[in-house]
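Step one of this worksheet: look at the structure below.
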2 protein chains.
Amino acid sequence: MMKIERLSDIAGLADGLPTADIAARDAALARQNSLTKPPGALGRLEELALFLAAWRGTAQPRIARAQALIFAGNHGVCAQGVNPFPQAVTAQMVDNFHHGGAAINQLCTLNGADLQVIALELDHPTADFTQAPAMTGTETLGALNAGAAAVDPRADVLVLGEMGIGNSTVAAALCLALFGGDPADWTGPGTGSDAEGMARKRAAIAAGIARHTPCSPMEALARLGGREQAAICGAVLAARAARIPVLLDGFICTAAAAVLHATDPRLLQHCLVGHASSEPGHRRLLTALGKVPVLDFEMRLGEGSGAALALGILRAALACHNGMATFAEAGVSEA
Amino acid sequence: MMKIERLSDIAGLADGLPTADIAARDAALARQNSLTKPPGALGRLEELALFLAAWRGTAQPRIARAQALIFAGNHGVCAQGVNPFPQAVTAQMVDNFHHGGAAINQLCTLNGADLQVIALELDHPTADFTQAPAMTGTETLGALNAGAAAVDPRADVLVLGEMGIGNSTVAAALCLALFGGDPADWTGPGTGSDAEGMARKRAAIAAGIARHTPCSPMEALARLGGREQAAICGAVLAARAARIPVLLDGFICTAAAAVLHATDPRLLQHCLVGHASSEPGHRRLLTALGKVPVLDFEMRLGEGSGAALALGILRAALACHNGMATFAEAGVSEA
């Protein structure tokens, strides 16, 4: 099991972590080109099969076990009026996850993922980053290792998501610290802020950036982030150590993982982004990361919903890759 | 069971066919807005749930039975060298479907559709439309009614697809006859034509258009189409009579259904297009029909593969719509 001793160690991790298996990818490509279809005719399904082959290190990867991890946290910046929902909704939604009533429950059941929800000290929100660093280094490291420890090393794919009232403000602050721009570039309505709520979000983000930056990406995670953001980073790293490809969710989840990208872009090579959120900062973030999302459905729910939807597409890609007959097997003439 | 007596009857059908149930759609929308998520946060999944509610006529539609129908035909225009694969591949691929080796088999198994493959007189290709009308009116009507008869009236959703060496040329000719433009606007590589093959396709299409148009949409189906195109039209109509929403596949399937749109646009109101094909004419056709595809995966295989992939998205939309808790049920505070 991966355990990070110091946040500053993460910058040096990439050299020691597994890389894509090019031989497995090539073998998967040879199989794709032998299947009863014109080469390339399954489009992005073929690319996804090759991606999974490369990271699982086998020409015919399978998803016997899919894990979905949803991390929940609370945020002191809610004191700035950045969210129309009361902070109690974070815990209420965690209960909803446990009782099977949320979108993520339905999507995990449909697409065959084992869902685990990890609530991270919901009774102890982070500090309000407009006033102080959101987390200490120790708190950040604790959440990061909680995320790493939650990863099932036997999983074939990992779906990541989050829940936390106020965390679209946290995500926007992280993006601004990591990639620059203006608060407005990264600020959207989140769960449904009106114009005044959006103005409060931008003001809070500007105050946090003025107080805490410039700083390193991992320092930004501690000063502006939250526990679920740190846990997502830990889970991404633990998945990489086990060669488990990751499906990131929307803006908030991707912004958390972007801390790793800003530390070393290689740390996200095993990650797909499940969907393009309608939260406007997400497209800008995807461009910054060089990631093409699997789906684009104008979703903006979080809780891993877009990533869990994309899991069905990965299953389709592998169903075709592993189940189709070759031209020779089927006795079909080639062009 | 729907039986069309004369091709000319189709122009008058729309007035007597079921329409979207607005009350059911409104009830489904009220349910969506009560579920534990910000209103609209599931994006296009919500729209799809409402579409299915409207056509099934119930606030909580379910997919207990999904049918996939793949129609196969052969085309005399192959004599013009329009396809790099030999015409025997149509029957070979039908065998592959029957033996479970094609992409559509894997996708139907994954997404829970009952697949039926209807081979339409493969030993008797249509006439070469550069020389004569492809089909007689009787042949056209026979194929159309074969398509209608194949629809299971107990299905909750119908996936449509096709197989037929040479039929991207047929589809391009139909689009040109229905919507105008130049042969090049509608002609793409299909299963993999090179530049010379593409030139032969354009020349064949131009010759067919010069010989057979102007004409009505149903006359275009007979003169330029094929049996699988007529069968798709029949299946779309029979599905409509039974309030079964339809997932059309890519360029060739959509071009066949476009004959109905050109006859009366209301005839395709119950149809979704499962995906945007990478065959270049498909985007132009989607614009002409005013249809937004469910998925965009750069697929170009046909055989219903993009529609069957989209079936998984419909299942996800309904899993959330029917399975999620309301705010009241879950005890979650509203904004």
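When the gyration tensor of region B:100-167 is built from Cα positions, what are the square roots of 5 times its three eigenvalues, in whole Å, from largest to smallest?
Ellipsoid semi-axes (Å, largest first): 28, 16, 9.
When all protein chains stay in place, what accessible area (Å², nearest 10, 1.4 Å probe) is found for B:D21?
Spelled out: B:D21, probe radius 1.4 Å, area about 50 Å².
Would you kindly work out, in nm and rounded to one decimal, the distances from the label point of B:E5 to those of the same position in each other copy, ordered shortest first, with label points 7 Å along Cα-to-Cβ?
8.8
Going from most exposed to least, what order do A:S277, A:S216 have by accessible area with a 1.4 Å probe?
These residues rank, largest area first, as A:S216, A:S277.
Determine the shielding of peptide A:21-31 by partner chains: average, over its residues, the number of Cβ atoms on other chains within 10 angstrom of each Cβ. Numbers along the way, then the final one.
Values: counts 0, 0, 0, 0, 0, 0, 0, 0, 0, 0, 0.
Whole-number average of other-chain Cβ neighbours for A:21-31 is 0.
In whole angstrom, how long is each semi-axis of the equivalent ellipsoid of region A:210-314, when you take the square root of 5 times every eigenvalue of its Cα gyration tensor and sort them from largest down?
Output for region A:210-314: semi-axes of 22, 16, 12 Å.
Enter the angle in degrees (range 0 to 90, nearest 10) between the Cα long axis of helix A:195-212 and the first principal axis of the Cα atoms of chain A, meaning the one along which they spread out most.
80 degrees
Shortest first, in nm, what separates the label point of A:G81 from those of the same position in the other copies (7 Å along Cα→Cβ)?
Once sorted, the set of distances for A:G81 reads 7.5 nm.
In nm to one decimal, list the spacings between the A:Q116 label point and its equivalents in the other copies, with label points set 7 Å along Cα to Cβ, shortest first.
Result, one decimal in nm: 4.6.
Taking GluC sites (Glu not before Pro) that fall in a DSSP loop and have at most 13 other Cβ atoms within 10 Å as cut points, what is the longest piece of chain A between them?
It works out to A:6-333.
I'd like the accessible area for B:L178: 1.4 Å probe, protein heavy atoms, all chains in place, Å² to the nearest 10.
Counting only protein heavy atoms, B:L178 exposes about 30 Å² to solvent.
How far, in whole Å, is the closest Cβ of chain A from the axis that maps A onto B, and which residue does it belong to?
Axis relating chain A to chain B; nearest Cβ residue and distance: A:G312, 2.
Which residues make up the longest stretch of chain A that has no trypsin sites (Lys or Arg not before Pro) in a DSSP loop with at most 10 other Cβ atoms within 10 Å?
Answer - A:155-335.
If you take each beta carbon of peptide A:99-111 and count the beta carbons of other chains within 10 angstrom, what is the mean? If you can, show how the numbers build up before the last one.
On the way: counts 4, 4, 11, 9, 13, 2, 5, 10, 7, 1, 2, 8, 5.
If you average over the peptide's residues, the count of other-chain Cβ atoms is 6.
Ordering A:T287, B:T90 by accessible area with a probe of 1.4 Å, largest first, what comes out?
Numbers: A:T287 110, B:T90 0 Å².
Ranking A:T287, B:T90 by accessible area, largest first, yields A:T287, B:T90.
Can you list residues whose amide H is under 5 Å from A:L115's amide H, if they're 5+ apart or on another chain and H is modeled 1.01 Å from N?
A:A68
Between chains B and A, what is the buried accessible area in Å², counting both sides, with a 1.4 Å probe and ligands, DNA and RNA left out, to the nearest 100? Intermediate results must be reported in sequence, preceding the final value.
Numbers: alone 13060 and 13040 Å², together 22090 Å².
Summing both sides, the interface buries roughly 4000 Å².
In whole Hz, what ³J(HN,Hα) sequence does region A:309-323 give by Karplus (6.51, -1.76, 1.60; θ = phi - 60°), x for Gly and Pro?
With coefficients 6.51, -1.76 and 1.60, one gets 5, 5, 4, x, 5, 4, 4, 5, 4, 6, 4, 5, 4, 8, x Hz.
Leaving out ligands, DNA and RNA, and with a 1.4 Å probe, what % of the accessible surface on region B:63-313 is carbon or sulfur? The partial results should precede the final answer.
Details: 3840 of 7450 Å².
Summing carbon and sulfur atoms, their accessible area is 51 percent of the total for region B:63-313.
Tell me which residues come under 5 Å, amide H to amide H, from A:A72 once H is placed; ignore anything under 5 positions away on its chain.
Answer set, sorted by chain and number: A:I118, A:A119, A:L120, A:M163.
Sort A:M198, A:M1 by heavy-atom solvent-accessible area, probe 1.4 angstrom, most to least.
A:M1, A:M198
The values are calculated or read from the model by the stated rules, or taken from the named source; none is laboratory data. Since we're looking at a predicted model, the values are computed, not measured. Every residue, glycine as well, gets a Cβ built from its backbone with ideal geometry; the counts of neighbours run over all protein chains shown. With ligands, DNA and RNA removed, areas are computed over all heavy atoms of the protein, side chains included. Shrake-Rupley method; radii C 1.70, N 1.55, O 1.52, S 1.80 Å.
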